[in-house]
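So the structure is just underneath, and the comments pick up after that.
The values are calculated or read from the model by the stated rules, or taken from the named source; none is laboratory data. In this text, all values refer to a predicted model and were calculated from it rather than measured experimentally. Here the Cβ positions follow ideal geometry from the backbone for every residue, glycine too, while neighbour counts run over all protein chains shown. All accessible areas refer to the heavy atoms of the entire protein, side chains included, with ligands and DNA or RNA removed. Shrake-Rupley method; radii C 1.70, N 1.55, O 1.52, S 1.80 Å.
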Amino acid sequence: MEALVPTAALEELGELVGPAGLLTTASDLARYEHAPNRLSGRAAFVVRPADTAEVAAVLDWAHRHRIRLVPQGANSGLVAAALPDGTGVLSTERLRGRFDVDVTGRTLVVSAGWNLDEINERLAADGLHLPVEVGSSPSAGGMVSTNTAGSHLIKYGDVRSRVLGLRAAVPDSAGTVLDLLRPLRKRNEGLDLKQVFIGTAGAYGVVTEAAFELAPLPASRAAAWLAVPEQHLLDVLTDLESRCGPALSAYEVVSPTAVRLLADHFPQLTHRVPDSGGFLVLVEVAAADDQADDLLTSGLEAATDRGLLTDARVGPAHHMWEVRHAIPEITERMDPVLSLDLAVPRSCIAACRADVVAQLALAYPHIEPIELGHYGDGGIHLILPLPEDIAADRDAVNALRMFVYDIVVHRHGGTFSAEHGIGPKNYDAYLRYVPEQVRMVAGALKSHFDPRDVLGSVSLR
Ligand SMILES: Cc1cc2nc3c(=O)[nH]c(=O)nc-3n(C[C@H](O)[C@H](O)[C@H](O)COP(=O)(O)OP(=O)(O)OC[C@H]3O[C@@H](n4cnc5c(N)ncnc54)[C@H](O)[C@@H]3O)c2cc1C
């Protein structure tokens, strides 16, 4: 693989995409080289094709010249997967030609470069939304390629469950474009090939268009922050599920360490949450009628009667979410920290987090974990503020990551990547925990779609 791109090859690339499609100056490249959480990379150039045909031509160019390209959408990923390592970036930001809403069919076919906020702003006029609740605004292609999850997963599922079809260009020798786009809810024709491109970090091809199943916007939403004793965190969840049914749209657990951070950094928000000193839970109900408030109130009354809650503050949903979104804002500014994106089977979550916290206290007594849990789907974001001696030693940081991952994966049947996907930041964990048989199939697919290994920041081999 060439580290430097020959001038003639770059000129040829410029001819394929036109002047607006190729960036090469340091000042133009800078914004593609930095991602959230202080992640950074270095780009040799950025190519910005404007439609599927241009993407296919660019991939054919990369194949012929053996020049690596990393697809990049909104660059909001948290595992450095869209960052170049001295390679080229294939930005999807100019892929915006298509935005076709079928209101009756409740589907959207959209080019990869549209981002979530723009999509939902446009869909609102039709009473629809793409129901992904995250603190970022990822691109359509990035959501497909990372299988974004977020806080509404318990009601709406992950992005994979919303993708009805997609179009992808692959860097093989034939310049293949796979048209798997038909927005069919039922399709039983054998291999569901689109799955190869979902959650696989652009390792096999560039998603240029996607068809999503949409959801009706709820007519009413209600939310509350609850004070819940640790031993009842799962009981309250199952109790609310049985009373609110599919209307329960979020169940987010925040540890006492995270609540303390909130009080230190956003004291003006603390009146919106109970003052309990213990675990807090953000719960949200989204209803098709105007009954969300009543549904939530009756659910909370029943849980209180059963002795599962000690306190609750009900308020407008957007106010309550502001509190939840403030916490990652604080932890993102903390440095140095190690952020882990974990999940276990939901019924194991209490045992797993207790085990991790207890083992950390024994082996790393100076680290006080901060926890944010998407408890409804078994997810735990574990944020570990690092003592300076560990932070300064890469091997020590890796040892700490593997210490936690081993507990989660081996003892509790969980995963090292719940929702952020695979990238250079966690590729060693991919090699350690993903079974060899799975990696062999992934490698065979890589050889088929990308025989010269020119696409993506990770090979998935
Ligand atoms: C504040 C904040 C909160 C977040 N909260 C959540 C959360 O709750 N849940 C969650 O799941 N994530 C969350 N994220 C992570 C992030 O937003 C998601 O991973 C997102 O889906 C990435 O989309 P993107 O467009 O930014 O992709 P990028 O970061 O640009 O790329 C991500 C990966 O997809 C590949 N890729 C991008 N576009 C394409 C394409 N068209 N074809 C092929 N490959 C492509 C890239 O090569 C890379 O491997 C959060 C991030 C931030 C900053």
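Looking only at residues in the range 47-75 that are β-branched (Val, Ile, Thr) and within 21 Å of Met143 (Cβ to Cβ), the one that is nearest to the ligand (Cβ to nearest atom) is Val70. Candidates in the range 447-461 are the residues that are in contact (Cβ under 8 Å) with a residue 60 or more places away in the chain and farther than 18 Å from Ala82 by Cα; of these, the one that is most open to solvent (accessible area, probe 1.4 Å) is His448.
The strands (runs of 3 or more DSSP E) falling completely within the range 271-357 that include 3 or more residues that are modelled with pLDDT of 95 or more, surrounded by 22 or more Cβ atoms within 10 Å (Cβ to Cβ) and outside the structural domain of Pro387 (by TED's automatic domain parsing) map to 280-287.
With respect to the conditions (1) touching an Asp or Glu at 6+ places or on another chain (Cβ under 8 Å); (2) farther than 30 Å from Thr257 by Cβ, Asp453 falls short on a single one, namely (1). Note on the range 414-425: among residues that are under 18 Å from Gly378 (Cβ atoms) and open to solvent by less than 40 Å² (accessible area, probe 1.4 Å), the one that is farthest from the ligand (Cβ to nearest atom) is Gly414.
Looking only at the range 161-173, which residues are more than 11 Å from the ligand (Cβ to nearest atom) and either under 14 Å from Ala112 (Cβ atoms) or in a strand (DSSP E or B) (or both)? Hits for the range 161-173 are Val163, Leu164, Gly165. Looking across Leu237, Leu217, Leu226, one residue alone is open to solvent by 60 Å² or more (accessible area, probe 1.4 Å), of a type outside the set (Val, Ile, Thr), within 30 Å of Val281 (Cβ to Cβ) and in contact with a strand residue (DSSP E or B) (Cβ under 9 Å, 6 or more places away or on another chain). It is Leu217.
Looking across the range 81-129 at every residue that is among the polar types (S, T, N, Q) and away from the ligand (no atom under 16 Å from the Cβ), the one that is most open to solvent (accessible area, probe 1.4 Å) is identified as Thr104. Here are the criteria: (1) within 15 Å of the ligand (Cβ to nearest atom); (2) not in a loop (DSSP other than H, G, I, E, B). Tell me which single one Asp158 does not satisfy. Asp158 satisfies every listed condition except (2). The C-beta contact set for the range 63-74 (first residue within 15 Å of Ser457 (Cα to Cα), second residue more than 16 Å from the ligand (Cβ to nearest atom) and of a type outside the set (Gly, Ala, Ser), distance under 8 angstrom, 6+ apart or interchain) comprises Arg66/Met1; Arg66/Glu2; Arg66/Arg452; Ile67/Met1; Ile67/Glu2; Ile67/Val5; Ile67/Trp61; Arg68/Met1. Of the residues making up the range 1-29, those that are loosely packed, with under 12 Cβ neighbours inside 10 Å, more than 30 Å from Leu180 (Cβ to Cβ) and either within 29 Å of the chain's Cα centre (by Cα) or of a type in the set (Gly, Ala, Ser) (or both) are Ala3, Ala8, Ala26, Ser27.
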